[in-house]
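Notes follow the structure.
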Amino acid sequence: MVETDTARFTVGVFQDVAWAAKGVAALTQAGFPLESLTILAKDTPDTAALIEKMLGARGDRLEVAGIGSVAARGGLVAALQGSDGELTKRGMAASMRRVGFQPHDGRIFETLTGRGGVLVAVRSEPRAADALALLHSYGGGNAAIGAWTGRL
């Protein structure tokens with residue numbers, strides 16, 4: 001059995017840093033605390049600036065299987081990485097099941113992020129529907145709530 005994070009995340013992928021900034025700003029204005037947010041994207045100067053500006057601290061740089069070098073900050077990263085380093089070793093497609101997504105969802109998030117999208121996640125219980133609506137409203141593609149609790 002794989003260790004899982006019991007909290008649920010709501011995840012969306014924005015087409016670029018500008019759209020992600022609008023989405024994150026809307027989430028914080030709606031009262032989602034900074035510590036509930038995660039940003040993960042290919043490691044670029046714009047991504048690093050986004051993470052520092054929106055989350056108040058520098059992102060970590062990781063080599064993620066299937067994507068390459070990323071800058072990331074937030075609780076989703078720790079949940080996906082786990083104690084066995086699954087995020088960096090096997091990638092997002094394999095590790096998203098830890099937070100309630102099926103493998104095909106993980107492949108979609110991995111592909112979009114690998115193509116330059118900016119993944120934004122919210123540890124969102126009990127306001128998952130609010131987070132989902134905001135992600136969709138501000139351009140978060142393939143936004144979904146991790147809820148699958150099938151046998152892992």
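The values are calculated or read from the model by the stated rules, or taken from the named source; none is laboratory data. Being a predicted model, the structure only gives us computed values, none of them experimental. Every residue, glycine as well, gets a Cβ built from its backbone with ideal geometry; the counts of neighbours run over all protein chains shown.
Residues in the stretch 16-29: is at least one over 21 Å from residue 142 (Cβ atoms), touching a residue at least 12 places away in the same chain (Cβ under 8 Å) and loosely packed, with under 13 Cβ neighbours inside 10 Å?
No, the stretch 16-29 contains no residue that is over 21 Å from residue 142 (Cβ atoms), touching a residue at least 12 places away in the same chain (Cβ under 8 Å) and loosely packed, with under 13 Cβ neighbours inside 10 Å.
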Query raised in the report: Is at least one residue of the stretch 136-145 modelled with pLDDT of 95 or more, closer than 19 Å to residue 15 by Cα and in a helix (DSSP H, G or I)?
Result: yes
Query - Filter result for residue 99 (modelled with pLDDT of 95 or more and among the hydrophobic types (A, V, I, L, M, F, W, C)) - result: no
Report summary line: Flagged pairs (Cβ under 7 angstrom, 6 or more apart or on separate chains; first in the stretch 57-68, under 13 Å from residue 39 (Cα atoms) and modelled with pLDDT of 95 or more; second acidic (Asp, Glu) and not in a strand (DSSP E or B)) are 58/52; 61/43
Query raised in the report: Does residue 14 qualify as being within 15 Å of the chain's Cα centre (by Cα), closer than 16 Å to residue 116 by Cβ and aromatic (Phe, Trp, Tyr)?
Result: yes
Report summary line: Considering the stretch 137-147, residues that are surrounded by fewer than 18 Cβ atoms within 10 Å (Cβ to Cβ) and within 18 Å of residue 100 (Cβ to Cβ), and then whichever is nearest to the chain's Cα centre (by Cα), we arrive at 142
Report summary line: Residue set 95, 124, 83; condition under 17 Å from residue 32 (Cβ atoms) and among the polar types (S, T, N, Q); output residue 124
Query raised in the report: Restricting attention to the stretch 76-127, and to residues there that are crowded, with 18+ Cβ neighbours inside 10 Å and among the polar types (S, T, N, Q), which single residue is nearest to the chain's Cα centre (by Cα)?
Result: 113
Query - Candidate set from the stretch 1-15 (those that are of a type in the set (S, T, N, Q), surrounded by fewer than 24 Cβ atoms within 10 Å (Cβ to Cβ) and under 17 Å from residue 74 (Cα atoms)); member that is modelled with the lowest pLDDT - result: 4
Report task. Considering every residue within the stretch 112-135, establish whether at least one is outside any loop (DSSP other than H, G, I, E, B) and more than 20 Å from residue 24 (Cβ to Cβ). Result -> yes
Requested in this report: State whether the residues of the stretch 69-90 include one that is part of a helix (DSSP H, G or I), under 17 Å from residue 143 (Cα atoms) and either modelled with pLDDT under 95 or in contact with a Gly (Cβ under 7 Å, 6 or more places away or on another chain) (or both).
Outcome: no
